[in-house]
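Beneath this line is the structure, given in structure tokens, with notes to follow.
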Amino acid sequence: MIKISNVTKKYGDFTAVKDLSLTVNKAEFLVILGPSGCGKSTLLRLINKMIARDSGEIEVNGEDIDDLKGEELRKTIGYVIQSIGLFPHMDVKKNIATVPHLLKWKNDKISKRVDEMLALVGLEPEKYRDKKPSELSGGEAQRIGVARAIASDPDILLMDEPFGAVDPINRLRLQKEFRKIQKELKKTVVFVTHDIDEALLLSDRICILNQGEIVQIDTPERIVLDP
Ligand code: ADP
Ligand code: ADP
């Protein structure tokens, strides 16, 4: 599903990702865990071509990402980040419809999809579709971020500390709900966090990163037993 082979990314003289190889299986929930600055966000951005690698190969669904155009990549990969996720000038429905709109879906299909996505993330469509991001709580905004990322039904979701700005009680609820949605829809997820409890709760496998290199990669059970 995602195959990363010997990828290196440098910022000037500094190597942020070092000769890294990693395969993420279809419908797998892989958590990238590691301290701040270890290269987690860089790795995600390399996968969705927001930044270019210096060497190595990345394949998505068996295709070299260099051969995937922007539109194909957006159809295949959804991306969720912490806080700055939503466009403040657009209401909730426009935010959720961003990628479907770019993909030129028909308006009635988009409206239907927006309401489905709101229901999926546990927000009443009638109450939320016309709100502006400034009228949402942190937890609601992150739900909209998830809804937006899933709206065009991508196979893969890249998530960069998506629940980091949410208060602890809502975070736990969102984590559990999101894991349920991921299993139901069989999405392949690469989820970045520095929070070990979050990694243990959510993941099928945890990839521990330090200074741009994989230190350990295994199931949460085995990582707990053999730290
Ligand atoms: P993490 O997500 O694990 O916190 P990042 O991937 O954001 O780590 O960053 C890894 C390292 O690369 C950090 O030391 C960071 O300062 C550096 N870095 C990230 N982006 C840039 C950039 N655009 N230019 C220079 N250095 C960067
Ligand atoms: P803008 O038009 O404001 O520049 P973008 O076109 O960059 O915004 O992004 C629009 C939407 O597409 C956002 O919801 C963003 O999360 C998503 N997106 C942007 N780049 C990617 C990418 N490489 N892969 C997947 N989704 C992306």
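Which of the residues that make up segment 127-139 are within 22 Å of MET159 (Cα to Cα) and not in a helix (DSSP H, G or I)?
LEU136, SER137
Going through LEU172, LEU103 one at a time, which residue ends up being closer than 20 Å to ILE47 by Cβ and surrounded by fewer than 17 Cβ atoms within 10 Å (Cβ to Cβ)?
LEU103 is the lone residue from the list that is closer than 20 Å to ILE47 by Cβ and surrounded by fewer than 17 Cβ atoms within 10 Å (Cβ to Cβ).
Within segment 127-167, track down each residue that is touching a Pro at 6+ places or on another chain (Cβ under 9 Å) and among the β-branched types (Val, Ile, Thr).
ILE144, VAL146, listed by residue number.
Filter segment 36-61 down to the residues that are away from ligand 1 (no atom under 13 Å from the Cβ) and without any contact (Cβ under 8 Å) to a residue 40 or more places away in the chain and list them by number.
Residue satisfying the conditions is LYS49 alone.
Would you check if there is a residue in segment 46-57 being within 22 Å of LEU202 (Cα to Cα) and charged (D, E, K, R)?
no
Take the residues in segment 105-126 that are closer than 27 Å to LYS180 by Cβ and assigned to a loop (DSSP other than H, G, I, E, B), then tell me which one is farthest from ligand 2 (Cβ to nearest atom).
Checking each candidate, the answer is GLU124.
If I ask for residues that are part of a helix (DSSP H, G or I), surrounded by fewer than 19 Cβ atoms within 10 Å (Cβ to Cβ) and of a type in the set (A, V, I, L, M), which ones from segment 140-169 would you list?
As a first pass, look at segment 140-169 and keep what is part of a helix (DSSP H, G or I): 140-151, 168-169.
Subset that is surrounded by fewer than 19 Cβ atoms within 10 Å (Cβ to Cβ): 168-169.
Within segment 140-169, ILE169 is the sole residue that qualifies.
Considering segment 77-125 alone, what residues qualify as being away from ligand 1 (no atom under 16 Å from the Cβ) and among the β-branched types (Val, Ile, Thr)?
ILE77, VAL92, ILE96, THR98, VAL99, ILE110, VAL114, VAL121
Which of the residues belonging to segment 62-90 are under 16 Å from MET159 (Cβ atoms), in contact with a strand residue (DSSP E or B) (Cβ under 9 Å, 6 or more places away or on another chain) and surrounded by fewer than 13 Cβ atoms within 10 Å (Cβ to Cβ)?
none
Values quoted throughout were computed directly from the atomic coordinates according to the rules given, and no laboratory measurement underlies them. No experiment lies behind these values; they were computed from the predicted model shown. When we count neighbours, we look across all protein chains shown, and the Cβ atoms used for this are built from the backbone with ideal geometry, even at glycine.
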